[in-house]
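Trainee: Before I ask anything, let me first share the structure, which is written out below as structure tokens.
Coordinate-derived values only; no laboratory data. These numbers come from a predicted model, not from an experiment. Positions of Cβ are backbone-derived with ideal geometry, glycine not excepted, and every protein chain shown enters the neighbour counts.
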Amino acid sequence: MTATLKSLISATEFAHRRAQLMSKMGSDAVAVVPAALHYRRNRDTEYRFRQDSDFYYLSGFAEPEALLVLLPGRAEGEFVLFCRPRDREMEIWNGYRAGPEGAEKDFGAQQAFPIAELDERLPALLAGRDRVYAPMGVQPDFDQRLSGWLSAVRAKTRAGVRAPSALHLLDAVLHPLRLIKSDAEIAIMQRAADISAEGHRRAMAWARPGRYEYELEAELLHAFTRQGCAAPAYGSIVGSGANACTLHYGENDRRMQDGDLVLIDAGGELDHYAADITRSFPVNGRFSAPQKALYDVVLAAQLAAIATVRPGASWQAPHDAAVRVLTQGLVEHGLLQGSVDDLIQSNAFRRFYMHRTGHWLGMDVHDVGDYQVDGQWRPLMPGMVLTVEPGLYVAPDDETVAEHWRGIGIRIEDDVVVTAQGHHVLSANAPKTIAEIEALVGTA
Ligand code: GLY
Ligand code: MN
Ligand code: MN
């Protein structure tokens, strides 16, 4: 047995991605993309390896210590992969390796070499190409090695070798491709969202006063892991009571109290694609009157924001819609005073809503792709996937508001794909109406 292509994306689609990238780069260019690094956790244990998203997008190759080179039009092969050699001893301890043989047989590489031959072979692959595309500023060690390979080519120019004259960020040509998801990518993201929604339902069912935040985290992980998510797509947030007001809370170790809301922001990663879902609900299964009042505001803001998502709408439209509904609600309930337009104009809402309404979602939870083009917010297009995640957070010590509002933190986050007709909510299976939530909390 060896390591083979395990992705839900087909070998044909990986080849299509490489072809698209090469056609955008131009025939005089070369792309050099390193695999992710393996990080030490402590002493002699390591964090679970997770492949670099750009590298995986182009190869489906999930091993560390690898590097891929794309050379449009090269007769001996346009896709060259360097990787760890087969090694019986190492494979017994640490798992199967594809080796250069497997890279050619199963991953579509036209040529593959042991990673130890990088310094010897890379300069020759760069020679004769005008422009180099590579990630820069991500792995300092790679940046340095790349400049070494470029120097090695330049050292040969007197012998008639042409050295590249420009170095470009790979991001500029690759990330616009990653921004638009194919049907196969959307199918994986739908599955990641369904699995994650089940995790949220399990957590809601397990919640009750006296249980710990980490018990809800365990319910999430159970659903994710059991259905094939190798890991959460980011550190799960389970924040009860005033912890819900800490946007990146991650300790998840508080004992939940009667009367608390709990905010869960968690999603699984399936085949390198993320889900990112937030739900907020009462630990005892009943929203108090102030909790219900603010929950209704956030839910109305989220629905208004989602309703703006369609092809041609601005990236900014969901945010503007959410801010308007949130500000109206804050005025209606007396947390802000004044005219809604003035309060939006002066950013007064930021006291209670200090983040933006969403981000691109894909292989990375905060996925790649520009939000502006030529100084304008980007128009949405079919195949883009974004989160819509308004919230309200009233600091526990905010003396500008009545005491009953203090310490309430609410966010509702869904994953939304732009379709030809409008949009589709991938994470719709996570309950978010008050009736659905109250019916489910505490039932396990
Ligand atoms: N979970 C990270 C975010 O919502 O952006
Ligand atoms: Mn998010
Ligand atoms: Mn989130």
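Trainee: Just how far, in whole angstrom, is the range 186-245 from the range 1-49 if you go by their alpha carbon centroids?
Mentor: About 28 Å separates the Cα centre of the range 1-49 from the one of the range 186-245.
Trainee: Taking the number of other C-beta atoms within 10 Å as the exposure measure, put 323, 331 in order starting with the fewest.
Mentor: 331, 323
Trainee: Most fluctuating residue of 155, 31, 321 in a GNM of the chain with Cα springs under 10 Å: which is it?
Mentor: Per the Cα network of the chain with a 10 Å cutoff, 155 tops the list.
Trainee: Pairs on different chains or at least eight residues apart, Cα atoms closer than 23 Å: how many lysine pairs in the chain fit?
Mentor: So the count of such lysine pairs works out to 4.
Trainee: Residue 435 to residue 116: extension gain in nm, 0.36 nm per residue of separation minus the Cα-Cα distance?
Mentor: Length gained between residue 435 and residue 116: 108.8 nm.
Trainee: Could you give the length gained on full extension between residue 141 and residue 376, defined as 0.36 nm per residue of separation minus the Cα-Cα distance, in nm?
Mentor: 81.0 nm
Trainee: Convert 37 °C to kelvin, take the viscosity as 0.692 mPa s, use the Kirkwood radius over C-alpha pairs of the range 158-310 as Rh, and evaluate the Stokes-Einstein diffusion coefficient in µm²/s, rounded to a whole number.
Mentor: In µm²/s, the coefficient is 185.
Trainee: What order, most packed first, do the peptides 241-248, 270-277 have when packing is the mean number of other Cβ atoms within 10 Å of each residue?
Mentor: By packing density, highest mean first, the sequence is 270-277, 241-248.
Trainee: Further, regarding this structure: Would you calculate a helix-derived [θ] at 222 nm for the chain, using -39,500 (n - 2.57) for each DSSP H run of n ≥ 4 and dividing by the full residue count, to the nearest 500?
Mentor: Only helices count here, giving -11000 deg cm²/dmol.
Trainee: Hey, another quick one. What spacing in nm lies between the two simple spin-label points modelled at residue 46 and residue 6, each 7 Å away from Cα in the Cβ direction?
Mentor: Distance between label points: 1.5 nm.
Trainee: What are the extents of the Cα atoms of the chain along their three principal axes, listed from largest to smallest and rounded to whole Å?
Mentor: So the extents along the principal axes, rounded to whole Å, are 79, 51, 40.
Trainee: When the convex hull of the Cα atoms of the range 361-444 is projected onto a plane and the area is averaged over all directions, what value comes out in nm²?
Mentor: 9.5 nm²
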